[in-house]
Amino acid sequence: MNEKYTPSEVEQAARSHWQARDAYRVVEDQSKPKFYACSMLPYPSGKLHMGHVRNYTINDMLTRQLRMKGYNVLMPMGWDAFGLPAENAAMKGKVPPAQWTYSNIAYMKTQMQAMGLAIDWSREIATCQPEYYKWNQWLFLKMLEKGIAERRTQVVNWDPVDQTVLANEQVIDGRGWRSGALVEKREIPGYYLKITDYAEELLAAVANPEDKNYLSGWPERVRLMQENWIGKSQGLRFAFPHEIKGADGALIQDGKLYVFTTRADTIMGVTFCAVAPEHPLAAHAAAGHAELAAFIEECKQGGTTEAELATQEKKGMPTGLVVTHPLTGAQVPVWVSNYVLMSYGDGAVMGVPAHDERDFAFANKYGIAIKQVVAVEGQTFSTSTWADWFGDKSQGVCVNSGVLDGLSHKAAVDKVAELLGAKGLGEKKTTWRLRDWGVSRQRYWGTPIPIIHCEEHGAVPVPEKDLPVVLPEECIPDGSGNPLNKHSAFLNVPCPVCGKPARRETDTMDTFVDSSWYFMRYCDAQNQDAMVGAGTEYWMRQGAAMDQYIGGIEHAILHLLYARFWTKVMRDLGLVKIDEPFTKLLTQGMVLKGAFFQKPADAGKNYFWEHEVNVQTNEHGQVIGGTLKADGSALEYEMTTMSKSKNNGVDPQELINQYGADTARLFVMFASPPEQTLEWNDAGVEGAHRFLKRVWGFGAKNEAAIQAGGRDYAALNGEGKALRREVHLVLKQISYDYERMQYNTVVSGAMKLLNALEGFKAQGQDAAVREGFSVLLRVLYPACPHLTHALWQDLGYAAELGDLLDAPWPSVDEAALVQDEIELMLQVNGKLRGAIKVPAAADKAAIEAVALASEDFAKFSEGKAPKKVIIVPGRLVNLVV
């Protein structure tokens, strides 16, 4: 074998070997236990980043090790290929999104192959291909039939210049990201999926350990994030009566302003009500109030999500209208506020400034009364400084609340429900934060919604025989709206019912639809006749659906929630037999790297590449800042997520070109446990490469001894047995670490094995060396498959145990762990003075004899006989003189 380790040659040869064997093609095999391990599919942005390398190497290590243990393991890959980035790139480069997307897929695939990933490419899917999105359309139509999907209006961001709907992230300071025009809120029709019908079931699996589908294999924080997003609240829905009449002379909303609250015990502290800008009372008040009308239009240019409302400045304006407090009869002023969403509840809230932080800030800003109605013993209430001491419902009693005074939270809520129920103004109700999933997007690059609009028959589903509705791939968005509206061949079709001229729906589906079931399609990727089939039944069985899912924490809410919902719909339609799609979930940590930046006067940060910087370090060698080479100006330094936008990204391809894929894989596994953040360290990468050169060097130097070694372990002497014992002790720990996916300690275990082998100098003990190196290669193989494959072949292991891909996982020989001789620490008068070796089966008398005869005892006892001998079995001997 070559004495020098040349990664490019080693890795190319290994990949050629696997390709010739078609080594990673997986078929359903009932004779083996199955294991389905899947990484979240990437968006084809153009290049892999180090987060991809980490994610896929975790999956690859799991796949390779389980295959060695006899499992039939599936590791597929695909592309989340629809979406807004492709449209933006198309506008910038003036090329169709399809061309940009397929080009990126081709390049990223070559990068994955260069990493040596054990992917079954025969199952590759791209969500922008008609043979995939046909089934999005097919299931959508099934949902329409079952009433799970329905058409209704939705509020969207509308750019009046570009004539298009904008995603929330495309609205910057109330203006369109491209045109700069003030964004309007428009209510337009769209399709919704009734995820709320599944709210109880979705919640139970993340919140109730007693539920049969409880996701115990998920991180606790992900379960909690889902639980909070679903947001089950039990409270009281009640009305503030009023006499406000509309232009038609009728009471607006039958004279009742409804609100929902989980803190009905604070009802006596209401000093205002706030309604959404779109609320009927707001519209009525604005009809004769120009200033209020202008404020309402301003509000409509704000955000449409709770996340946006939580961070934006809270603004309001009085309407001049009043409603009646349902218990006291007091007149309560009505305000319009930008922090109330019409799409949540009834579009109105009761304002209790003393006991709600948002209301507190609002009341102080606008001089609204603040009335304390909950008190906690020993706590002083203040109207100037917010203190969330009332939030714990187990504390506090009602005060300044008349009939409620002295009651605890629960008792007060029950009493208010009783009083309002008697008046016919309220009742206990359960509400949900979760809202139905709006899937209509007024965009081009997505799955066409299979609907045809006919003047006579309205919205008509496309007949199943006509699926897929194929998206034209030649369009180039230009910022002037959805190009499908100008594509006559796509747009103009006959009505399926009457045959008269009609128009296709030009909205496309939310891209979360594409990623909500792709993992099932992997199982039946070539099935042209059904969405899922026998493959899905094999790989995703009840109780063992996807065995391990791997992906970033940023997908912990929407993607996982929608995938769970989609699975339950497919179950209810008889397509699958599982309740939950992902048995175990691992959310890998982010990759961090130092970044240098300046803060300009106009806010934000300007980042610089490290090669542009004179780096400054402290006395410990830690980076603390730098100066810009160009002009000497000072730069700050931070550890932050690796990103091209922060000029601190590392190109995996450059790393592979310089060090090889195995070095990149080894570093990202060794630097941190999979679920924790990883701090990039160039010295650590070089250290990983040095280790691999040592592994190669050991194999080359000991080639003859390894090839000559047999399995006659009985003939080994003491040193050979000691090496064998060390190897099997480390193997035992490594096997345990593989089971818990702690791959950083797997790598450190491999380093211990190499240290033990390098430190072994005994002659004639080739069996111990051969076995020890075979163990090292097998435990290191899942992390570094190329180098270990080459050494396995060159050193003759393949001839004995077969290709490393399917070589048996090494088993711990318990007999090797049994010691013939043990070492005990020797103490004299309680102080450590040396060590002695005794037979493992030696009794107390034999141990004492060896200790008394030792040179160390003679040296430190000064010729005195011991008064007492203390023996701690397996650890030490203490001779007291």
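Residue 147: at positive phi, in the same structural domain as residue 480 (by TED's automatic domain parsing) and at pLDDT below 85, yes or no? Can you show your working first?
Details: at positive phi: yes; in the same structural domain as residue 480 (by TED's automatic domain parsing): yes; at pLDDT below 85: no.
So residue 147 fails the test.
Go through the residues of the range 333-342 one by one and say whether even a single one is modelled with pLDDT under 90, surrounded by 21 or more Cβ atoms within 10 Å (Cβ to Cβ), closer than 25 Å to residue 416 by Cβ and not hydrophobic (A, V, I, L, M, F, W, C). Yes, the range 333-342 has at least one match. For the range 649-663, the criterion of being touching a Phe, Trp or Tyr at 6+ places or on another chain (Cβ under 8 Å) and either surrounded by 18 or more Cβ atoms within 10 Å (Cβ to Cβ) or charged (D, E, K, R) (or both) is met by none of the residues.
Being part of a helix (DSSP H, G or I) and closer than 29 Å to residue 84 by Cα is the filter here, so list the residues in the range 497-549 that pass it. Step through it out loud before you land on a result.
Filtering the range 497-549 for residues part of a helix (DSSP H, G or I) gives 514-516, 518-524, 534-539.
Once the filter is applied, which keeps residues that are part of a helix (DSSP H, G or I) and closer than 29 Å to residue 84 by Cα, the range 497-549 yields 514, 515, 516, 518, 519, 520, 521, 522, 523, 524.
Conditions (1) under 30 Å from residue 855 (Cα atoms); (2) touching a His at 6+ places or on another chain (Cβ under 8 Å); (3) in the same structural domain as residue 547 (by TED's automatic domain parsing), marked per residue:
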{"position": "738", "(1), (2), (3)": "no, no, no"}
{"position": "776", "(1), (2), (3)": "no, no, no"}
{"position": "781", "(1), (2), (3)": "no, yes, no"}
{"position": "786", "(1), (2), (3)": "no, no, no"}
{"position": "833", "(1), (2), (3)": "yes, no, no"}
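Each residue in the range 427-457 was checked for being among the acidic types (Asp, Glu) and outside any loop (DSSP other than H, G, I, E, B), and 1 of them qualify.
Residues 387, 411, 369, 422: which one is at pLDDT 95 or above, surrounded by fewer than 16 Cβ atoms within 10 Å (Cβ to Cβ) and over 17 Å from residue 264 (Cα atoms)? So that I can check it myself, show each step before the final result.
Details: 387 fails: at pLDDT 95 or above; 411 fails: over 17 Å from residue 264 (Cα atoms); 422 fails: over 17 Å from residue 264 (Cα atoms).
Every option except 369 fails the conditions.
Within the range 212-241, being part of a loop (DSSP other than H, G, I, E, B) and surrounded by fewer than 14 Cβ atoms within 10 Å (Cβ to Cβ) holds for 212, 216. If you go through the range 429-447 and keep only what is touching a strand residue (DSSP E or B) at 6+ places or on another chain (Cβ under 6 Å) and not aromatic (Phe, Trp, Tyr), you end up with 429, 430, 431, 436, 438, 439, 440, 441, 442, 443, 446, 447.
Test residue 132 against the criterion of being surrounded by 19 or more Cβ atoms within 10 Å (Cβ to Cβ), aromatic (Phe, Trp, Tyr), touching a residue at least 12 places away in the same chain (Cβ under 8 Å) and within 30 Å of residue 25 (Cα to Cα), and give yes or no.
On the way: surrounded by 19 or more Cβ atoms within 10 Å (Cβ to Cβ): yes; aromatic (Phe, Trp, Tyr): yes; touching a residue at least 12 places away in the same chain (Cβ under 8 Å): yes; within 30 Å of residue 25 (Cα to Cα): yes.
Taking the combined requirement at face value, the residue satisfies it.
Among the conditions (1) within 30 Å of residue 393 (Cβ to Cβ); (2) surrounded by 15 or more Cβ atoms within 10 Å (Cβ to Cβ), residue 170 misses just one, which is (1).
The values are calculated or read from the model by the stated rules, or taken from the named source; none is laboratory data. Because the structure is predicted, anything quoted here is derived from the model rather than measured. Glycine also receives a Cβ, built like all others from the backbone with ideal geometry; neighbour counts cover every protein chain displayed.
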